[in-house]
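One structure is given here, and the rest of the page talks about it.
Just so it is clear, none of the values below were taken in a lab; they were calculated from the coordinates. From a predicted model like this one, the values you see are computed outputs, not experimental measurements. A quick note on method: Cβ atoms are made from the backbone with ideal geometry, for glycine too, and the neighbour counts reach across all protein chains shown.
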Amino acid sequence: MANWWVAHMLGDFLIRALLAGVGLALVAGPAGCFVVWRRLAYFGETIAHSALLGVALAILVGIDLSMGIFVSASLITLTIYCLGRVETLPSDTILGLLAHGGLALGLVVLSFLTSVRIDVEALLFGDILAVTRGDLVAIWAGGALALCVLAWIWRPLLAATVSADLAAVAGMKPERARLIFGILVAGVIAAAIKIVGVLLIVALLVIPAATVRRFVTGPEAMAVAAAVVGVASVLGGLLMSARLDTPSGPSIVVTALAIFALTRIPALAEKQ
Amino acid sequence: MNREIAVSSNILVKANNIGVKRGNRWIFRDVEFEIVRGKQIFLIGANGSGKTTCAKTVLGLIRPDEGTVARAPSLTIGYIPQKLSFSPVLPLTVRRLLTLTDRARQSEIASALAAVGLERLGNPQVLTLSGGELQRLLLARALIGKPDLLVLDEPAQGVDKAGERMLHERVEEIRRDYGCGALVISHNLELALASGDDFVPLVPHEHDDHPDA
Ligand SMILES: Nc1ncnc2c1ncn2[C@@H]1O[C@H](COP(=O)(O)OP(=O)(O)OP(=O)(O)O)[C@@H](O)[C@H]1O
Ligand SMILES: [Mg+2]
């Protein structure tokens, strides 16, 4: 009875989007903390930009879009990792090269695929109508796996964030943790594409972490708090999107930004 | 290529004629020493003479281009790097930093803090500590996990003269109490000479090729 009522009020598609968004935010919060601590925002942007290439490949090969994005994003991560070891170019140059190279290549390949029409706007900004039952299962199963992996590499990755040498001397294999984390971020971005879209996904990683930093004293607390803020942003944003018929990605990010701004008011008032 | 050291021996690390080359310049070369349990040895030299690089070679972070480093089986090392920067965006308390790489019981944390004279520090954010407090805290962190060997890269940086002497006295006490060996990097030749411990001098190499011996 209650289920029927909820479904009636919100619509099946919205419930699916809400559940998917919550699953996503639960992983994006803690992962986003590392993105902020390790200054990986531009790395996230690179993965997200190259997602279009993944979409093109997925259509060419005939697999699920998110799967295509995950595969291409993982390949880009590996490329960044390997280039970082052999190249003397600064890392942001390598990232800029791959971000825009991937985006351009994706657009070129897509333009050849005239037989299929894809909704580029939905890819860029998210489309909650597109979340299927299958997506939901994939997001929650993948999300649970991602959280387990993150818990497993948490200590080495945190130690490596302070000092890779310290972590290595303690036998923690910081390079391995770094690579695994890169692939985990690739997975989060692939999963987020329908809900937040390519252009805005990094905001879902960075804003919750940035919002909670001043309220916590330890890294673990920051991860939990970022997950909570992320979930609140997704819920608020999706409800706003459904009510006002705004695109879901921007609505979520605007909500996250509003929460960030609200938490800053007391500090600003204090300074006056 | 670590030739292992016999379990029974008191030798923790043995560097056999090690050298590290970058480009066609030897950063250091023909360096040979042993670190023995309970003993301390100093690595001395001017800026750029290769002290940090040599320590990292001993730690296994850098592979020597010449010679070998042998380590005792299952050697645990407590390390203070020369440079550590803490990002203001990473919340980290004193206690969390102490257990960064090794889990530890409360009693272990308390005795490590006591060993460096920080028992009354409480649990503030690491970023709020003074330079001298941070160096002592890093020494305490290196003690967690009961190391066989301490590798300290300029542990007295940012510490005044009196503080430096005190810090080295602490290290000596720790060496006795924990029964570990120590490789200490310092600029301070006087202090190394006064301690009566062994020291390995490093000299800066020319930026062109070293004439073959
Ligand atoms: N990866 C590298 N590539 C090229 N040169 C290097 C590399 N690492 C170190 N060097 C050079 O080796 C020399 C020794 O560096 P190192 O940091 O070991 O010196 P140090 O004795 O610890 O100096 P300081 O007292 O300033 O800490 C320096 O001239 C440095 O430029
Ligand atoms: Mg040095």
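Computed values, structure above
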{"quantity": "Set of lysines near A:Lys173 by C-alpha distance (under 19 Å), chain-local residues within fewer than 8 positions excluded", "calculated": "B:Lys56"}
{"quantity": "Gyration tensor (alpha-carbon) shape descriptor, the stretch B:84-209, a/c threshold 1.5", "calculated": "prolate"}
{"quantity": "In nm, spacing of pseudo-spin labels at B:Glu66 and A:Lys271 (7 Å Cα→C-beta vector)", "calculated": "5.7 nm"}
{"quantity": "Computed helical MRE - 222 nm, chain B, DSSP H runs ≥ 4 contributing -39500 (n - 2.57), nearest 500", "calculated": "-8500 deg cm²/dmol"}
{"quantity": "Relative contact order, percent, chain A [alpha-carbon distance under 8 Å, six or more residues apart]", "calculated": "32 percent"}
{"quantity": "Cα-based equivalent ellipsoid of the stretch A:15-202: semi-axis lengths in Å, sorted from largest, via gyration tensor", "calculated": "28, 21, 12"}
{"quantity": "Distance from the stretch B:95-143 to the stretch A:82-132 (C-alpha centre basis), Å", "calculated": "46 Å"}
{"quantity": "Descending semi-axes in Å of the stretch B:94-158, equivalent ellipsoid built from Cα gyration tensor", "calculated": "17, 15, 10"}
{"quantity": "Taking chain B and dividing mean pair separation by its residue count, relative contact order in percent (alpha carbons under 8 Å, at least six apart)", "calculated": "32 percent"}
{"quantity": "For the protein assembly as shown, the spread of Cα positions along each principal axis, largest first, Å", "calculated": "83, 53, 47"}
{"quantity": "As computed over chain B, the Cα convex hull volume per residue (Å³)", "calculated": "138 Å³"}
